[in-house]
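The values are calculated or read from the model by the stated rules, or taken from the named source; none is laboratory data. Everything quoted here is computed from the prediction, not taken from an experiment. Every residue, glycine as well, gets a Cβ built from its backbone with ideal geometry; the counts of neighbours run over all protein chains shown.
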Ligand SMILES: Cc1cc2nc3c(=O)[nH]c(=O)nc-3n(C[C@H](O)[C@H](O)[C@H](O)COP(=O)(O)OP(=O)(O)OC[C@H]3O[C@@H](n4cnc5c(N)ncnc54)[C@H](O)[C@@H]3O)c2cc1C
């Protein structure tokens, strides 16, 4: 969204291609406490809404559709979508990440029927019942705390004997009366009833080897993220783990292609760093288009489009 804002404001003819809903993972975040300029915090939905309105004010065009492949035709880049192809001078890849799957029986079968990767989206369905959360990082802990608003009890399963989450979150989760932490314990199976609705989990204590069962109705999985880059295979060489390598200008090794946000190889994957990347990428894309093709500040109808695959 920030790449789109900067590119559109630089008067490039800019389209943002989005396969689900503009705003990405911020939309799955209930409350954002660490984005500058919001001293009381802001809901993920409101932050996205504000960013979208701001970008659209400068002419960003948001197009619904999935980018399936990129290819080159001389100095043009072809952005292949399911039903159309866009010919553009510059592309900013900002396709983020998706949650890693745990890979246990029941996970795929019961996704949407008790298994979830988004507490903000699904938490309110679990009023007054027990739920399980898996993970030990910031996201898992934040989401476990959020779920205490609805669930009668939250079981947090972590495969290690200490949490990776930041100090303030660790304090909150370890002292919360509704949260029970199951240290050094993993889930091995998710069970459902005849209607395929989740009714329990089997867990394994890695230290003692003991197994047990718990009657939970929701299972929330936060065990990491993986980059959304399969559509780049064969076009751009990816770093180990599938992330996109860039230089400090957000440029990839393909001329005319930049990357921004969580999809990049980088240390801190947050909204504020994604926004910084997006601004840098758009600024450099504008300079590239200006110096290479002389399209600077072209009127919207005649300028070569710059694409943001978000
Ligand atoms: C539960 C949760 C809580 C979080 N809480 C915070 C927080 O409190 N503070 C904070 O700073 N960060 C938080 N984060 C991290 C933050 O959400 C990310 O750092 C940020 O969203 C990264 O933005 P992005 O634009 O790089 O990627 P994303 O937000 O992942 O957006 C990528 C977008 O690209 C789209 N897309 C992917 N592939 C294609 C394709 N082929 N064609 C078209 N569109 C495509 C996706 O649909 C998506 O909308 C949280 C993340 C999660 C999961």
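So, of the residues in the range 85-99 that are touching a helix residue (DSSP H, G or I) at 6+ places or on another chain (Cβ under 7 Å) and within 16 Å of the ligand (Cβ to nearest atom), which turns out to be nearest to residue 145 (Cα to Cα)? Talk me through it step by step, then tell me what you get.
Just the residues of the range 85-99 that are touching a helix residue (DSSP H, G or I) at 6+ places or on another chain (Cβ under 7 Å), to begin with: 89-90, 92-97.
Going one step further and asking which of them are within 16 Å of the ligand (Cβ to nearest atom), we end up with 92-97.
Values: 92: 35, 93: 33, 94: 29, 95: 28, 96: 24, 97: 23 Å.
The qualifying residue nearest to residue 145 (Cα to Cα) is 97.
Return the residues of the range 137-152 that are closer than 14 Å to residue 166 by Cβ and out of contact with any strand residue (DSSP E or B) (no Cβ under 8 Å at 6 or more places or on another chain); say none if nothing qualifies.
Once the filter is applied, which keeps residues that are closer than 14 Å to residue 166 by Cβ and out of contact with any strand residue (DSSP E or B) (no Cβ under 8 Å at 6 or more places or on another chain), the range 137-152 yields 137, 138, 139, 142.
Could you say which residue among 128, 123, 103, 135 is surrounded by 19 or more Cβ atoms within 10 Å (Cβ to Cβ) and at pLDDT 95 or above? Spell out the reasoning first.
Details: 128 fails: surrounded by 19 or more Cβ atoms within 10 Å (Cβ to Cβ); 123 fails: at pLDDT 95 or above; 103 fails: surrounded by 19 or more Cβ atoms within 10 Å (Cβ to Cβ).
The match here is 135.
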